[in-house]
Amino acid sequence: MASSALGAILAVLASLIITANALVAIVLLRLIQKSGSKGLYFVLNLAVADAMVGFTVMGLVMDEFSQPFYPPHIFCVLRMAFVTSSSAASILSLILVACDRHLAIRKPFHYFQLVTGLRVGVRLVGLWLVAAIVGFLPVLTPHFQNISTHEKCSFFRTFHPTYMLTVFCVGFFPALFLFIYLYCDMLKIASVHVQHIREVEHAGLAGGCPPFRTTSDMKAMRTVAVLVGCFTLSWLPFFIASVVQTVCSKCFPYKVIENYLWLLGLCNSLLNPLLYSYWQKDIRLQLSQLAADVKRRVLFHLGNGCHFPGRGTKSLPTVSCLQLQD
């Protein structure tokens, strides 16, 4: 009964993750086609990685509904390798997005010269190579495998504690520290911009112009801050409990980690597209236009090809990737 309930929760969560990220990916492709902004490819890659997390979780859903199900050991290793690789790609994509926002704020006048198509492509290829190495390292190194029989596929029954500690200490915690550094540095840059604008206004040289750069910096900083906060709240409990579990196997029940804390970490793949849809005005506008297009087509087919009177759908202006608007 508990296994079926967990399977149902995983199925709903995976479906929401796939649907939300697929919609955001479609919108981002339309934005890239219109604006040609290279920085949007990092956000698109994040949506693709999160969607892959949803697809890999679907395989675990089948395991939960097929109890008792005792697959071969190599089957579990490969399945958990795909889950780990997609999760690592999602976390690395978040880092690339944060670095891109940091570069846009630190060097706004050289941003488009620095972020070229070749450099974006190299970074994305490198990201997926690192994610594949992290996920499939136990497949290539049997020492990192935890041999078990007549057990369902799970992290602690498949991977050796040495591998778990290596991934957590080398991967997650440096990523968290990098997030915090980028946020603090953007906060410092935004504070300097605010101080400069106040000095200009005090000298009477502002001329009534709005502080556009400061507003853009604050919005970018706010977006990264929300991403860092959600990333930390989603994954930190799982990683801390997993470290405790690998060091002391009897100190913490692993079922709580895999059945609850891991689900909390998976929710980060659902929060990412929702956050970008809420915080970025260009994505919200494109989602509204996409919904209007779908509604118009549905009404067109229901009306047997008859056009319904109305104002139609106007094309929406694209917004620069540098402007993280409300």
For Gln145, the residues 5 or more places away or on another chain with a placed amide H closer than 5 Å to its own amide H are His160
Rolling a 1.4 angstrom probe over the protein chains, ignoring ligands and nucleic acids, what is the accessible area of Ile180 in square angstrom, nearest 10?
80 Å²
Karplus-derived 3J(HN,Hα), 6.51/-1.76/1.60, for each residue of the stretch 50-55, Hz, glycine and proline x
5, 5, 5, 4, x, 5
For Ala292 and Leu165 in the same chain, what is the full-extension length gain: residue separation times 0.36 nm, less their Cα-Cα distance, in nm?
40.9 nm
Of Lys38/Lys188; Lys38/Lys295; Lys34/Lys281; Lys152/Lys250, those spanning more than 22 Å from alpha-carbon to alpha-carbon:
Lys38/Lys188; Lys38/Lys295
Integer Hz, Karplus 6.51/-1.76/1.60 couplings in order for the stretch 162-170, x for Gly and Pro
4, 5, 4, 5, 5, 5, 5, 6, 8
Probe 1.4 Å, heavy atoms of protein chains only: per residue, the accessible area of the stretch 7-131 in Å² is 43 Å²
In order through the stretch 120-126: 3J(HN,Hα) via Karplus (6.51 cos²θ - 1.76 cosθ + 1.60), integer Hz, x for Gly, Pro
4, x, 5, 5, 5, 5, x
The stretch 232-290: which trypsin sites (Lys or Arg not before Pro) are DSSP loop and have at most 11 other beta-carbon atoms within 10 angstrom?
Lys250
Roughly how many nanometres apart are two label points built 7 Å out from the Cα toward the Cβ at Val139 and Leu274?
3.2 nm
On the accessible surface of the stretch 6-142, probed at 1.4 Å, how many percent belong to carbon and sulfur atoms?
77 percent
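Taking the Cα centre of the stretch 9-149 as origin, sum charge times position over the Cβ atoms of Lys and Arg (+1) and Asp and Glu (-1), and report the length of that vector in debye to the nearest 20.
So the dipole magnitude of the stretch 9-149 works out to roughly 760 debye.
The values are calculated or read from the model by the stated rules, or taken from the named source; none is laboratory data. Computed from a predicted model, the values in this text were never measured in an experiment. In this analysis, Cβ positions are derived from the backbone assuming ideal geometry, glycine residues included, and neighbour counts consider all displayed protein chains. Side chains included, ligands, DNA and RNA excluded: accessible areas come from the protein's heavy atoms. Shrake-Rupley method; radii C 1.70, N 1.55, O 1.52, S 1.80 Å.
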